[in-house]
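Here's the structure we're looking at; comments come further down.
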Amino acid sequence: MDPIKIVVAGDNYLFTKGMECLIEESPYFDLSASVQSEAELIDAISYKKADVLAIDVSSIGWNTDTLNKLKKYAPLLKILAFNTVKAKDWATSF
């Protein structure tokens, strides 16, 4: 079985490095890319053919337009969304 290809997206150092370490230690996962901007994210998803996106939604320009672009390039992409900001109303802001 091929390893699951994962893209990590975010500019929070602890989030990205933590996810990278967890992914790299497992033979079942492959770190396809680690990106810090929406443009890098779209490129990574469209060219790397990732299976899963682990994203810190508080640090990448995450909105419905981004989601639509991702689904255009990778309709089967699974998304794990994390929020490293403690704002109570952040989740309902878009």
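The values are calculated or read from the model by the stated rules, or taken from the named source; none is laboratory data. Quick caveat: nothing in here was measured; it's all calculated off a predicted structure. Cβ sites come from the backbone with ideal geometry, for glycine too, and all protein chains shown count toward neighbours.
Which count do you get for residues in segment 37-80 that are outside any loop (DSSP other than H, G, I, E, B) and of a type in the set (A, V, I, L, M)? I'd like the intermediate steps shown before the answer.
Going through segment 37-80, the residues outside any loop (DSSP other than H, G, I, E, B) turn out to be 38-48, 52-56, 64-73, 78-80.
Checking which are of a type in the set (A, V, I, L, M) leaves us with 39, 41-42, 44-45, 52-55, 67, 70, 79-80.
Total meeting the criteria: 13.
Show the residue pairs meeting these rules: Cβ distance below 6 Å; 6+ apart or different chains; first residue within segment 39-53 and more than 16 Å from TYR28 (Cα to Cα); second residue outside any helix (DSSP H, G or I) and of a type in the set (S, T, N, Q).
Close Cβ pairs satisfying both conditions: LYS48/SER32.
Can you tell me which residue in segment 37-47 is surrounded by the fewest Cβ atoms within 10 Å (Cβ to Cβ), limited to those that are touching a strand residue (DSSP E or B) at 6+ places or on another chain (Cβ under 7 Å) and within 26 Å of MET1 (Cβ to Cβ)?
Only one residue tops the list, namely ALA44.
Mind listing just one residue for me: the one in segment 48-69 that is crowded, with 18+ Cβ neighbours inside 10 Å and in contact with a Ser or Thr (Cβ under 6 Å, 6 or more places away or on another chain) and, of those, farthest from ILE23 (Cα to Cα)?
That would be SER58.
When the residues of segment 1-40 are narrowed to those that are among the acidic types (Asp, Glu) and in contact with a Ser or Thr (Cβ under 8 Å, 6 or more places away or on another chain), which ends up nearest to VAL85 (Cα to Cα)?
ASP11
Is segment 70-86 home to any residue that is small (Gly, Ala, Ser), surrounded by fewer than 17 Cβ atoms within 10 Å (Cβ to Cβ) and modelled with pLDDT under 90?
Scanning segment 70-86 turns up at least one residue that is small (Gly, Ala, Ser), surrounded by fewer than 17 Cβ atoms within 10 Å (Cβ to Cβ) and modelled with pLDDT under 90.
Being among the acidic types (Asp, Glu) and within 10 Å of the chain's Cα centre (by Cα) is true for just one of ASP65, ASP51, ASP43, ASP56. Which residue is that?
One residue alone meets the criteria, ASP56.
Condition first: under 16 Å from GLY10 (Cβ atoms) and touching a strand residue (DSSP E or B) at 6+ places or on another chain (Cβ under 9 Å). Now tell me which residues in segment 20-36 satisfy that.
If the condition is that a residue be under 16 Å from GLY10 (Cβ atoms) and touching a strand residue (DSSP E or B) at 6+ places or on another chain (Cβ under 9 Å), then GLU20, LEU22, ILE23, LEU31, SER32, ALA33, SER34, VAL35, GLN36 are the ones that fit.
Taking the stated definitions as given, is ASP65 of a type outside the set (Ser, Thr, Tyr), within 19 Å of MET1 (Cα to Cα) and without any contact (Cβ under 8 Å) to a residue 60 or more places away in the chain? I'd like the intermediate steps shown before the answer.
Working: of a type outside the set (Ser, Thr, Tyr): yes; within 19 Å of MET1 (Cα to Cα): no; without any contact (Cβ under 8 Å) to a residue 60 or more places away in the chain: yes.
So ASP65 fails the test.
Taking only segment 1-36 into account, find how many residues are on the phi < 0 side of the Ramachandran plot, part of a loop (DSSP other than H, G, I, E, B) and surrounded by 14 or more Cβ atoms within 10 Å (Cβ to Cβ).
So the count comes out to 4.
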